[in-house]
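Report on one structure; see the data block that follows.
The values are calculated or read from the model by the stated rules, or taken from the named source; none is laboratory data. What you see is a predicted model; the values in this text were computed from it and never measured. Here the Cβ is made from the backbone with ideal geometry for all residues, glycine too, and neighbour counts use every protein chain on show. Each accessible area value is taken on the protein alone, full model and side chains, heavy atoms only, with ligands, DNA and RNA left out. Shrake-Rupley method; radii C 1.70, N 1.55, O 1.52, S 1.80 Å.
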Amino acid sequence: MTEEICATDAYLRSCDATVVAVSDEGVVLDRTVFYARGGGQPGDTGILRWDGGEARVADTVKQAGEVLHVLEGSAPGVGTRVIAEIDWERRHTLMRTHTALHALSGIVFRDYGAKVTGGNMEPGVARMDFELEAISQEFGREVEDKLNAALAQDHPVDVSFLPRAEALADPDLIRTKVNLIPEHVDPIRVIDLEGLDRQADGGTHVRSTSEVGRVRVAKTESKGKGFKRMRIELVDAG
Ligand SMILES: [Zn+2]
């Protein structure tokens, strides 16, 4: 199994690694700073460099539990020592975007009692779906104000790993459907925007909410009964 460094240190931009498998689809390393697409967050892009060569990483995905670096161009052979480096600006924008979504879900639950039913993001833009009865532009502006106030309060973002039994007994985590995580996952990774939002999550986030900057609610729309969507954007997409 690949050591996934971004699970414990989202700020590391590059690492040394050894190629452990190569296929038509991509390259598996013994350790990596690349985030594999999942939980609504896109996979990282970047570059692998080795003695006498390099290749762009166009995407990173999970395949049979392994982190697969999808390359443009020819791959290094098994056993090659490489330096793996992510496109940091893109990743950092995703970390800010992802953290903004946590703050949004925390506020909408705290003040309106609505749960999240889905979400997705690209660097600097994202959408989140809520079990809300109604939505309007006024509602969007109200949430935008609350969101920016909360982000500016600079809540620390804490990453921890909880034993599965403990996570399943936690009311915050039950709300975000921790019980749907496959049974073999133990411990469970928990992201805590202290005082704002707490959920089981595999993605990458910034260290504190002020690093997100300001956020705009770009669109509110109804997709059906109890199915309302908000689109948000980072004001400074970096
Ligand atoms: Zn997250």
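Summary table
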| read-out | value |
| --- | --- |
| Solvent-accessible surface (1.4 angstrom probe) belonging to Glu122, in square angstrom, nearest 10 | 90 Å² |
| For segment 155-224, projected area of the alpha-carbon convex hull averaged over all directions, nm² | 6.3 nm² |
| Per-residue [θ]222 nm for the chain (sum of -39500 (n - 2.57) over DSSP H runs n ≥ 4, rounded to 500) | -7000 deg cm²/dmol |
| Per residue value of the accessible surface for the chain (all protein chains in place, 1.4 Å probe), Å² | 47 Å² |
| Calculated P(r) tail over 25 Å for the chain, as whole % of Cα pairs | 45 percent |
| Net charge dipole size for the chain [Lys, Arg +1 and Asp, Glu -1 on Cβ; Debye, nearest 20] | 660 debye |
| Accessible surface of the chain, 1.4 Å probe, proportion on carbon and sulfur as whole % | 48 percent |
| Principal axis dimensions, largest first and in whole angstrom, of segment 108-155 by Cα | 30, 25, 20 |
| Placed amide H near His205: partners under 5 Å, 5+ positions off or other chain | none |
| Summed side-chain charge close to His69 - residues other than His69 whose Cβ falls under 11 Å, Lys, Arg +1, Asp, Glu -1 | -4 |
| Projected area averaged over orientations for segment 22-96, convex hull of C-alpha atoms, nm² | 5.0 nm² |
| Charge dipole magnitude, Cβ of K and R +1, D and E -1 - segment 11-119, Cα centre, debye nearest 20 | 500 debye |
| Relative contact order (%) - criterion: Cα under 8 Å, at least six apart; region: the chain | 20 percent |
